[in-house]
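To start, the structure under review is shown below, and the notes come after it.
The values are calculated or read from the model by the stated rules, or taken from the named source; none is laboratory data. Note that this is a predicted model, so its numbers are computed, not measured. Neighbour counts are summed over all protein chains in view; Cβ atoms, including those assigned to glycine, are modelled from backbone coordinates with ideal geometry. Note: accessible area is taken over every heavy atom of the protein model, side chains too, but ligands, DNA and RNA are not part of it. Shrake-Rupley method; radii C 1.70, N 1.55, O 1.52, S 1.80 Å.
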Amino acid sequence: MKNIKTIIFDLGGVLMDLDKQKCIDAFEDLGFSDITEYLGEYEQKGMFMDLEDGTISATEFRDEVRKHIGEAITDQQIDEAFNRFLVGIPEQKLTLLRQLHKSYRLFMLSNTNPIMFESRIPELFRIQGLNIPDYFDKLYLSYQLGVTKPSPKIFEKIIADSGILPQETLFLDDSQKNIDAARKFGFQTYLVAPRKDFSFIFDL
């Protein structure tokens, strides 16, 4: 943590626990038989990726999903199936964010989508009575930026917008590809193992 002034957190797999299989099961229950062709551990494909990088809207995404599983499926059913990906945020990680925010600028850099981020994700952050903006100085979300990690463009955008110096910034992610991309810009990095405590790396 020497010379670190800013910490950038990935969301899923770092702060928030995920369960891809629950999401797959939920979509299969709706009749989406080939859902495994679209959902990955670290990146999505087809309309799921298009939603993450902002190519299509939530409405367009749901219409694409209905082409696979039938017009009778409602928006709510689709959203609920998608949100099954999200397990929750361990409360100690929210406490850690609050402690770190006293000494560092905190950003979130996440490959995410408007369905999750405008419904279930804010709810999961409220377990200590606070909201997402209370934990971070700024959010950098793929669907708003129009690009996903590990593209160099997403790191170029965050550097240009925030004015941070990569060598004074620690980036935490659970994907080796994303870590490798960040290192090329000079970021200090830490690869987070699934559901493992990483608080020991901070000098608190």
* Structure fact -> Pairing a residue in the range 29-43 that is farther than 14 Å from residue 82 by Cα with any residue that is at pLDDT 95 or above, where Cβ atoms lie under 6 Å and the two sit 6 or more apart in sequence or on different chains, gives 42/175
* To do: Check the range 173-180 and report whether any residue there is farther than 17 Å from residue 16 by Cα, open to solvent by 80 Å² or more (accessible area, probe 1.4 Å) and not in a helix (DSSP H, G or I).
  => no
* Filter result (under 15 Å from the mean Cα position of the chain (by Cα), small (Gly, Ala, Ser) and either over 21 Å from residue 172 (Cα atoms) or not in a helix (DSSP H, G or I) (or both)) within the range 102-150 -> 110, 119, 146
* To do: Output yes when any residue across the range 47-59 is within 18 Å of the chain's Cα centre (by Cα), of a type in the set (Asp, Glu) and within 19 Å of residue 121 (Cβ to Cβ), and no when none is.
  => yes
* Structure fact -> Of the residues in the range 127-163, those that are touching a Lys or Arg at 6+ places or on another chain (Cβ under 8 Å), surrounded by fewer than 18 Cβ atoms within 10 Å (Cβ to Cβ) and hydroxyl-bearing (Ser, Thr, Tyr) come to 162
* **Answer from 99, 92, 76 - the residue that is open to solvent by 80 Å² or more (accessible area, probe 1.4 Å), modelled with pLDDT of 95 or more, within 20 Å of the chain's Cα centre (by Cα) and of a type outside the set (A, V, I, L, M)** => 92
* **Cross-chain or 6+ apart pairs with Cβ under 7 Å, the range 181-204 first and more than 19 Å from residue 168 (Cβ to Cβ), then open to solvent by 40 Å² or more (accessible area, probe 1.4 Å)** => 191/176; 198/190
* To do: Kindly indicate which of 2, 22 is part of a loop (DSSP other than H, G, I, E, B), among the basic types (Lys, Arg) and open to solvent by 20 Å² or more (accessible area, probe 1.4 Å).
  => 2
